[in-house]
Each structure stands twice: as structure tokens, then as C-alpha cells.
Amino acid sequence: MFSFNMFDHPMPRVFQNRFSTQYRCYSVSMLAGPNDRSDVEKGGKIIMPPSALDQLSRLNITYPMLFKLTNRNSDRMTHCGVLEFVADEGICYLPHWMMQNLLLEEGGLVQVESVNLMVATYSKFQPQSPDFLDITNPKAVLENALRNFACLTTGDVIAINYNEKIYELRVMETKPDKAVSIIECDMNVDFDAPLGYKEPEKYCKAPEEPTEEEGDPSTWTDMDPKFRAFTGSGNRLDGKKKGIEPSPVPIDPSDIKRGIPNYEYKVGRITFIRNSRPQPRKTTEDDDSEFIAFSGEGQSLRRKAERKP
């Protein structure tokens, strides 16, 4: 009697709970349809076929759906989210900047895998052009642009659109991992110096020279030979030229005296300085004499008659 047990070596059952497949990728400009899908270029999400949604719904995956894109020919990889499931079967549409990071051409093969990423707490960006410094509030602009992104990967060069101009920024660092999710997160953002930026050189200012230099009075006559007061010529009403020729008297350098500036000058106030007679100095005798009231001598208009002897 023989016993046969077919379950001695049971066949293992593999439950696939990870999405992994290959697609031919194209840029969003190749997406057929009457609607303009330029909004896809402004973010970090892709468009996948409806079969991917059917397969993902049957798997035990976490939400939001995040994917790892790999170009096996160049060993380049990045991470992204999904925007819609309206692409043709076997095709996915990527933003142009994402295809440049993966070194992919139109119709190239890309490996798409579902992943779980940690929530971001810190990220650092480096603008690829000094033109980014022209933005008044770069952090607010970047925060608004990252709303169209689902995740960030260290080393990627993302593109944001602001005022009809595209700015590229390289992701220099992300925490707590090299690839993080930025959906509903509180993330600190920092910037590195833009690529090609040069700090302005600091010049040491030379000490200012005084406008009026103290020197030898003999050199003051050569300061401004163009203007001399009261040296012009005159014109007569009868048209004669006699006696109107200027005869300037040469100035002796010793006659030029530099005055003392008025340190109490106030703007809008005119001060007239008049020469007053010097008051006589009081002698020491006058200072020492005491004042006695009604001690002066009087004068009479009528002279007294002289008495006869």
C-alpha cells in the first residue's frame, strides 16, 4: 500500500502588491485631443493609460499614488505622481523637464513602479540662472508652483513657470530621504546661490578731500580766474566808447582775507552784519568810583549879575 501526499511540497502563492510595468513615453505636446494640456508641463505628474488604474485598484497600495520612473539605458531615475488615466494603452505622457532628467527621447522605454515615500521636512534648491533673483518673493512663487508636484528627488532639475517665463531649479537636498513626498506637508525651503552668480565686488571708498583747502594766500588768485567782481565793461546811452573800457586793478594776495564762518547760520534766515563804533573802554578809576545820587552840577540859562564892589 502506497501513500501519496501531493501537499508535501506545496507550491508557493505569490500575491503581487506592487505595480511595475514598462511604457513608451512621450512629451505632453504629443497628447492628442482638442484641450490644451500645458498644465501638465507646470508640475511633476504624468498621464497613464486606463489599464494602469484597473491594475492599481486591485493591488494593496497606499494613497496618494506615487511612482518611480527609471531609464535602464542610462541608469537615471526620478519620482512623480499621476494626474489622469487617459493615455493610450502602452503609452504614458511626461513633462518635458522630466524627460530631460531621465535622458529619454520621444518613444523611449521607461520603467514605472509604485513606491511609498516619506513626507518631506526640508528641501534646498539652486536656481540655474541669476534671473531668478529678479523675482520679488521667490519663496512664495516656489510654494505656489510646488502645489502641482507630488514628490521631489535629489538631483532633479525641475521647471516652474512664472510671468510667462520658465525658471529651472536643481533639487540640492531633501530630508528625511533623497526622495520625499510633498503632499500636505510642512516643509522648510532654502535656496543656494544661483548658478553663475557672482557677488558684487566691494570697493573701499577713498577719503573725501576737503572742498576748501587751507594754503598759501598767494595761490588763491589762481583758483577761479574766470570771475572777478566789478571788472566788467559798461555801455553808454549815447553810444560813445570813451571812458567805458575796463581797467581792472590787480589783486594783491595779501589783501585777500578769509573770513570766519557763521556757525549759528540757519537756512532761510538772513543776517545783516553792520560795523558799529567801538565803545570806549572804562578806566579803572570810573570802575572804582562810587555812585552818589543828586551829586551833579546844575546849569542856569540866566547868568547871575556881577556885583559891583
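Quick one: with all protein chains in place, what share of the accessible area of the stretch 56-176 is carbon or sulfur, to the nearest percent (1.4 Å probe)?
46 percent
Quick query: amide H of Met118 versus all other amide H atoms, modeled in the peptide plane; which residues come in under 5 Å with a sequence gap of 5 or more or a different chain?
Under 5 Å from the amide H of Met118: Ser181.
Quick check: net charge around Asn188, other residues with Cβ under 13 Å of its Cβ, Lys/Arg +1 and Asp/Glu -1?
For residues surrounding Asn188, the net value is -1.
Accessible area per residue for the stretch 91-169 in Å², computed with a 1.4 Å probe and the full protein assembly in place, what is it?
For the stretch 91-169, the per-residue accessible area is 47 Å².
How charged is the neighbourhood of Ile166? Take every other residue with its Cβ under 13 Å from the Cβ of Ile166, and add Lys/Arg as +1 and Asp/Glu as -1.
-2
Run the numbers on the stretch 110-191 and let me know its relative contact order in percent, using alpha-carbon pairs under 8 Å that are six or more apart.
For the stretch 110-191, the relative contact order is 50 percent.
Could you compute the FRET efficiency for Asp186 and Tyr265, with r as their C-beta to C-beta distance and R0 at 45 Å, rounded to 0.05?
0.15
What residues qualify as long-range amide H neighbours of Ala87, i.e. H under 5 Å apart, gap of 5 or more or another chain, H built at 1.01 Å from N?
Correct list: Met48.
What pairs from Lys42/Lys165; Lys178/Lys198; Lys68/Lys178; Lys139/Lys165; Lys124/Lys175; Lys124/Lys198 go past 18 Å between their alpha carbons?
Lys178/Lys198; Lys124/Lys198
With a ≥ b ≥ c taken as the square roots of the eigenvalues of the C-alpha gyration tensor of the stretch 27-93, please select rounded if a/c is under 1.5 and otherwise prolate if a/b is larger than b/c or oblate if it is not?
Cα axes put the stretch 27-93 in the oblate bin.
Under the Karplus relation 6.51 cos²θ - 1.76 cosθ + 1.60, θ = phi - 60°, what is the ordered set of whole-Hz ³J(HN,Hα) values for the stretch 150-165, x standing for Gly and Pro?
10, 7, 10, 10, 4, x, 6, 10, 8, 10, 10, 10, 9, 6, 6, 9
Let me understand the stretch 78-214 better: what is its radius of gyration from the alpha carbons, and its Dmax, in angstrom?
Reported Rg and Dmax, both Å: 21.3, 92.
Assigning unit charges at the beta carbon (Lys, Arg +1; Asp, Glu -1) and nothing else, what dipole magnitude in debye, to the nearest 20, does the stretch 136-193 show about its Cα centre?
For this selection, approximately 80 debye.
Determine ³J(HN,Hα), in whole Hz, for all residues of the stretch 264-270 in sequence, where each value follows from phi through the Karplus function 6.51 cos²θ - 1.76 cosθ + 1.60 and θ = phi - 60°; x replaces Gly and Pro.
9, 5, 10, 5, x, 10, 9
Just order 142-154, 178-190, 19-31, 54-66 by mean Cβ neighbour count inside 10 Å, highest at the front, would you?
Final packing ranking: 142-154, 19-31, 178-190, 54-66.
The values are calculated or read from the model by the stated rules, or taken from the named source; none is laboratory data. Keep in mind it's a predicted model, so treat the numbers as computed, not measured. All Cβ positions, even for glycine, are placed from backbone atoms using ideal geometry, and neighbour counts span all protein chains on display. Note: accessible area is taken over every heavy atom of the protein model, side chains too, but ligands, DNA and RNA are not part of it. Shrake-Rupley method; radii C 1.70, N 1.55, O 1.52, S 1.80 Å.
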